[in-house]
Amino acid sequence: MLAVLWALFLRPVGFDYRSKVADPRWRTAWDWGLFVAGAVPALIFGVAFGNLLLGVPFHFEDNLMPVYTGSFWALLNPFALLAGFVSLTMLIFHGANYLMIRTDGDIYARARHAALIFGTLMLAAFAGAGVWVVCDISGYVITSVVDPSALPNPLAKTVMQISGAWLGNYHKLPLLWLVPGAAFGGGALALLFAWKHKPTAAFVGSAIAELGVIGTAAVAMFPFIMPSSSDPRSSLTVWDSVSSRLTLEIMFWAALIFTPIVIAYTSWAYKVMSGKITTDYIKAHDRSAY
Amino acid sequence: MITQEVVDLSRLQFAATALYHFLFVPLTLGLSFLLAIMETVFVMTGREIYRDMVKFWGKLFGINFALGVTTGITMEFQFGTNWAYYSHYVGDIFGAPLAIEGLMAFFLESTFIGLFFFGWDKLSKRQHLTITYLTAIGSNLSAVWILIANGWMQNPVGAEFSYVTMRMELTSFWDVVFNPAAQAKFVHTVSAGYVTGSMFVLGISSWYLLKNRHVEFAKRSFRIAAAFGFAAACSVIVLGDESGYAVTEHQKTKLAALEGMWKTEAAPASFTLFAIPDDDKRENHAEVKIPYALGLIATRSTDKVLPGIDQLEAQAAERIGRGIVAVKALERLRKDGSDTEARAAFETHKSDLGFGLLLRKYSADVAAATPQMIAQAARDSIPKVAPMFWTFRVMVALGFSFLLLFALSFWHSAKNTFHERRWLLRWAVWWIPLPWLASEMGWFVAEYGRQPWSIYGVLPTHLSTSTISATSLYGSLAGFLFFYTGLLIVEMFLMFKYARLGPASLGTGRYEGEPDYRPARQGARHV
C-alpha cells in the first residue's frame, strides 16, 4: 500500500508543477512521475484483488486485533500479478479511448494505437485469469448458518476452502454469467469502435468492460470480502464488515443526497471543458492556465 | 508483537506526516477566501488588475494546494497501515464524517479547482466567481468534517462500546456533529488558516513595496490582506479562548498540563505567566503568576475549582481500579456471552474500561497489576507538562503579535500611509513564516495534550497500532522522509520563484519584468 501511496504523491504535484519551469528535463522528470503515479496504483489494486481471490494469511486475536502473518513478497505471486496486469491494461484501454475523444492529430493516432493493443491484451489476460480461477484456485464457503441481521462478529462462523467454490454463485444464479459476458462483450465492442474511429462508443464499451471485470470478481467472491487462507473462520464477509445500523443509515442518506449533486456538477464541469484540445489552444493558454 | 518501539515509531510517523500536511492546509483555507474576495472586487468594479491578482495569488495557491492534497492522502492511509486496531475500534464513528467529507467537500473542492485554473475563457465572470467561492467553501467544509472527526477523539460523545463487536458504536450522529469540542476547534482552526493566508499575501505584497515593484498591484493586495487578516486575528484569539473553554469542560488533564498546575488551587486559580516546569520533581521553578486570572478565563466563574495534577491522578487511579473490573468482565463475556453476572459487572463499570486498558502497557493480565503499575498508569494519564506549557505560551504570544501587526496594517491602510512605513513592511515580511509555527504548536498542544489516549478516556494510544514490525516502520519513515524532503524543496523552489516574479509571471505585458512591458502613463488608471 505504501508503494501506491508514494506513487500517488507524484500525481497532484506532477499535474500542477510539470509546466512551471521551462526546462525540458524538468517536464520529462514530472511526466515520468505521472507515469509511475498512474501505473503503480493501477497495477497494485489489481494485485490486491488477485490476492483476495486467493485468500490472505491473517487472523483475528480474541480482542479482534487483526494480525497478518504473510510477507510482502508473498503478495506478488503469479496469479496476483496476472490480476494486476488485467487491471493495468484495462485502465490504459479506457484512458486511451478517452484521449481519442479529446484530441486530434498525432496524439489521437497514438491513443488509438494504444487502445487497440491494450484492449486486446486486457481481454486475453482476463480470459487467462478466468481459466486459472476455474482450474486451479479453490474458493471459500461459509459452512455455518449465517444470520445477516446479527451484530457483526467475524469469529462467529466456520468457513471451508473448496475447489470450484468461486463458481458457486454463477451456478446458483446462471443469469450472473452476464457479468463476465459484459466484460468480454463491452471490451470486444470497444475494440471494434476504436478500430472504426468511433471514440465515444469505444469509451462506453470500455466502461462496460470495466464494470464487467470488477463485477466478475465481486460476484465470484460474494459474500466474502477478504478470505483468510491461514485461519478461514477469520475471513471477512460482508456481514462481518458492516458498520452499525445507525452509521449505515446516515451514510445511506448522505450518499443519496450528495452523490447526485457530485455527479451533476462533475458532468457540468466536463461539459464546460469539453471539446478537442488542440495544439493551438495549448499555445494560446501557455501562461494563464498553469 | 507490538512493542513500545512500534508504538513510538507509529506516533512519530503520524505526528511528522500530520504536521507536514498542516504546512499546506492553513494556506489553502485562508488564500481560497482571499481569492474569492479579490474576484468579487473584480466582478463588481470590472478592473483588470483585480483579475490579475486572482490569477497571480491563484498560481501560488495552486502550488500549495497540490501538496496539500498529496500529503492529505497519507493521513487517511495511515489509519489503515499504522493504526489498524484504532480503525477497528472507532471506525463506526470515525468513518462517517470522513466519508461525508469526501462526498460533500473534497469532490467539490477538487472538481472546481480545475475549473478555477482552466475555466477563465470558458465561463462568464459570474460563473467563474461562483467557482472560486465553491472552491473556498469546499476546502472549509472539508475542515468541518475532519475536525468533527478529530473533535470526537478529544471528546467522544454519541457513542457506546459494544462487547459483541468489540468496538465503539454510534448512538447519536448529531451529538458527534454538534460536539462542542469539534465546533470550537473548527472555528479556531479555520481562522488560523485565514490569518496564515492573510499574512502570506501581506508579507509578499510588502516585499514588492519595499523593492518598489508592482506597486499598484501590491498596494491593493496589502489592503485586502490587512482587512481580512485583522478580522481573522481577532477571531482566532476569541475562538481560541472558546476552544480553551471546551478543553476545561472535557479534558481537564490537558488543561492541568498546559497550565503546569501540579496542585489544586482554591478558586479562582491563578494564571502562570512564566515558569520552568520540572516533570521529575513535579513542580515549577521561577514562577510568575497572575492571581485569579486562570480561574476566570477557564471556568468563566469565581467559584469553580480547577483540579490540579495531584487531584486528577488520584481520580485516574480510582477509575483504573474500576477499569480492571470492566476488563475482566469483558474477558469473561467474550468467552461466554450468556454470563449474566459478568454482563452486570461490565455494564456497571464500562465507562472506566479505557482506564483498565491503560494497564495493558505494563501487564497483559490487568488483574495481576501491582499497585506500582496502577500508580504509574495513573501518572501516565497526565501528559508531560514542560512541552505543553511552553508550546501553548509561544502559540498565544504569536497570536497576539499577529493581532498587533494586522491592527497596525489595517490602521495604516485606512489612512493610506502603509506603503511609506518601511518598518511595518519589513515586519510583515519577517512575519510570513510565523503563522505556520503557531498552527503547528496549536496542533502539538491539542494532540500531545490528548496523550496517553488516542480516543480520550476510551482507547489508549499504545493499544491503537497495527501489528507490524519496527523494521517496516523504520522503512516507511525513511520513505516519507525522502519523499517529503524532496517535495518540500520543489515546493519552496517554485513558491520563491513565482513570488519573486510576481504578477509578471502571468505574461499579460502589464507588469515590469516582462519582455513586452510598457509602463502605464503617469496618473493613468488600470482599466
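The values are calculated or read from the model by the stated rules, or taken from the named source; none is laboratory data. This is a predicted model, so every value here is computed, not measured. Cβ: placed from backbone, ideal geometry, glycine included. Neighbour counts: every protein chain shown. Only protein heavy atoms, including side chains, enter the accessible area calculation; ligands, DNA and RNA are left aside. Shrake-Rupley method; radii C 1.70, N 1.55, O 1.52, S 1.80 Å.
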Point to revise | Single residue of the range B:163-172 satisfying the filter (open to solvent by less than 20 Å² (accessible area, probe 1.4 Å) and facing chain A (nearest Cβ under 9 Å)) that is farthest from the chain's Cα centre (by Cα) | key: B:Thr165
Revision key, fill the gap. Conditions (1) hydroxyl-bearing (Ser, Thr, Tyr); (2) within 20 Å of B:Ile455 (Cα to Cα); (3) not in a helix (DSSP H, G or I) -> B:Ser363 fails only (2)
Review point. Is one or more of the residues making up the range A:192-211 at the interface with another protein chain (Cβ under 9 Å from one of its Cβ atoms) and not in a helix (DSSP H, G or I)?
Key: no
Point to revise | Number of the exception - B:Gly197 against (1) surrounded by fewer than 24 Cβ atoms within 10 Å (Cβ to Cβ); (2) in contact with a Leu (Cβ under 6 Å, 6 or more places away or on another chain) | key: (1)
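Rundown of residues vs (1) in contact (Cβ under 8 Å) with a residue 24 or more places away in the chain; (2) under 30 Å from B:Trp431 (Cβ atoms); (3) buried (at least 20 other Cβ atoms within 10 Å of the Cβ); (4) touching a Leu at 6+ places or on another chain (Cβ under 9 Å), yes/no style:
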{"residue": "B:Ser301", "(1), (2), (3), (4)": "yes, no, no, no"}
{"residue": "B:Leu306", "(1), (2), (3), (4)": "yes, no, yes, yes"}
{"residue": "B:Ile309", "(1), (2), (3), (4)": "yes, no, yes, no"}
{"residue": "B:Arg332", "(1), (2), (3), (4)": "no, no, no, no"}
{"residue": "B:Lys335", "(1), (2), (3), (4)": "no, no, no, no"}
{"residue": "B:Ser363", "(1), (2), (3), (4)": "no, no, no, no"}
{"residue": "B:Arg379", "(1), (2), (3), (4)": "yes, no, no, no"}
Exercise for review: Can you work out which of the residues in the range B:123-139 that are of a type outside the set (Ser, Thr, Tyr) and open to solvent by less than 10 Å² (accessible area, probe 1.4 Å) is farthest from the chain's Cα centre (by Cα)?
Suggested key: B:His128
Review point. For the range A:141-156, which residues satisfy the criterion of being in contact (Cβ under 8 Å) with a residue 60 or more places away in the chain and in contact with a helix residue (DSSP H, G or I) (Cβ under 6 Å, 6 or more places away or on another chain)?
Key: A:Pro148, A:Pro152, A:Pro154
Revision key, fill the gap. Selection from the range A:212-235 of residues open to solvent by 40 Å² or more (accessible area, probe 1.4 Å) and outside any helix (DSSP H, G or I) yields A:Phe222, A:Ile225, A:Met226, A:Ser229, A:Ser230, A:Asp231
Practice item. Check B:Ala184, B:Ala246 and return the single one that is touching a residue at least 24 places away in the same chain (Cβ under 8 Å), farther than 26 Å from B:Lys59 by Cβ, in contact with a Pro (Cβ under 6 Å, 6 or more places away or on another chain) and crowded, with 19+ Cβ neighbours inside 10 Å. Key: B:Ala246
**Study point:** The lone exception for B:Glu109 - which of (1) over 21 Å from B:Val490 (Cα atoms); (2) modelled with pLDDT of 85 or more; (3) surrounded by fewer than 22 Cβ atoms within 10 Å (Cβ to Cβ) it fails
**Key:** (3)
Point to revise | Boolean, B:Leu463 is assigned by TED's automatic domain parsing to the domain that holds B:Ala15 and at pLDDT below 85 | key: yes
Exercise for review: Quick one: in the range A:228-258, of everything that is farther than 25 Å from B:Glu169 by Cα and among the polar types (S, T, N, Q), which residue is farthest from the other protein chains (Cβ to nearest Cβ)?
Suggested key: A:Ser229
Review point. Is there a residue being open to solvent by 20 Å² or more (accessible area, probe 1.4 Å) and within 13 Å of chain A (Cβ to nearest Cβ) anywhere in the range B:144-156?
Key: yes
Point to revise | Spans of helices (runs of 4 or more DSSP H) in the range B:1-92 with at least 2 residues within 12 Å of another protein chain (Cβ to nearest Cβ), open to solvent by 10 Å² or more (accessible area, probe 1.4 Å) and of a type in the set (Lys, Arg) | key: B:48-81
